[in-house]
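Taken together, the values in this text are just the output of simple stated rules run on the coordinates, not laboratory data. Please read all numbers here as calculations on a predicted model, not as lab measurements. All Cβ positions, even for glycine, are placed from backbone atoms using ideal geometry, and neighbour counts span all protein chains on display.
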């Protein structure tokens, strides 16, 4: 059995869909078993557990041969310290708790969804926490696979679709920064296929894969392409990053902040992958941006 932690989320659900398509037996770990059943019915086994509460995880991992950790906190990348939704609590400590529970439950392989940019000496704390989590996975003694996606797009993403939502209501699309940072958007269906391969294929064991789409382009080009596919013609209105950070600082005092200073950095930084190892070992077919958008926008 393959257990997908965070399997009701954007990335995790893509892995679940692909594994079910392949005929695999799948369990989904969520904070609410009822929420899992509402999403999938009886086609998966619903397991309940919270990665912040390690005592809930070992029972939830019983009989799992492989675990895919695709857990993200609600509102990511906007941290909410009042509720414990932070990169430290979820990405780092939550991954450690899952590894410990997986060892106790006899899990054979652990697949961790990290992110491009993870590094020991990274400037941003979210990348440092992801690196620390990766290191814990590598030292676990389990078979492991680490996947570092770039910017993921698809029907349920809350980033590119936010721009399209603004285009429905406004005669322009506001963006923070110049929009010139290079990004390599990867289609959610491709991410699901790669995660399934990482769970199932022997040659993926003990390997770190970066995962980006087949094209590197500017954020301006990404948004303009999405608008074109959607049949919208809107001007991109660029706002200084400093303005975004001021708005983020103000919004951070709200109970559920819609923006933060760090989130502005997160969405305006480059996101480019080195697909060399991925193409060498797993050889996935990667979907160009326009083709992926056309599948769900038209």
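Some observations on this one:
- If the condition is being assigned to a helix (DSSP H, G or I), free of Cβ contacts under 8 Å to residues at least 24 places away in the same chain and either surrounded by 18 or more Cβ atoms within 10 Å (Cβ to Cβ) or touching a strand residue (DSSP E or B) at 6+ places or on another chain (Cβ under 8 Å) (or both), then the range 223-254 contributes 224, 245, 248.
- Strands (runs of 3 or more DSSP E) (entirely within the range 1-71) containing at least 1 residues that are farther than 26 Å from residue 151 by Cβ and without any contact (Cβ under 8 Å) to a residue 60 or more places away in the chain: 26-30, 45-48
- Search result, residues across the range 147-174 that are assigned to a helix (DSSP H, G or I) and either under 15 Å from residue 235 (Cα atoms) or touching a helix residue (DSSP H, G or I) at 6+ places or on another chain (Cβ under 9 Å) (or both): 160, 161, 163, 164, 165, 166, 167, 168, 169
- Any hit, the range 212-222, residues being in contact (Cβ under 8 Å) with a residue 60 or more places away in the chain, assigned to a helix (DSSP H, G or I) and in contact with a strand residue (DSSP E or B) (Cβ under 9 Å, 6 or more places away or on another chain): yes
- Among residues of the range 195-211, those that are over 19 Å from residue 6 (Cα atoms), part of a helix (DSSP H, G or I) and in contact (Cβ under 8 Å) with a residue 24 or more places away in the chain, counted: 2
- Test result for residue 74, within 27 Å of residue 148 (Cβ to Cβ) and surrounded by fewer than 17 Cβ atoms within 10 Å (Cβ to Cβ): yes
- Checking the stated criteria, residue 122 turns out to be in a loop (DSSP other than H, G, I, E, B) and without any contact (Cβ under 8 Å) to a residue 12 or more places away in the chain.
- Scope the range 175-194; condition surrounded by fewer than 18 Cβ atoms within 10 Å (Cβ to Cβ) and in a strand (DSSP E or B); matching residues: 182
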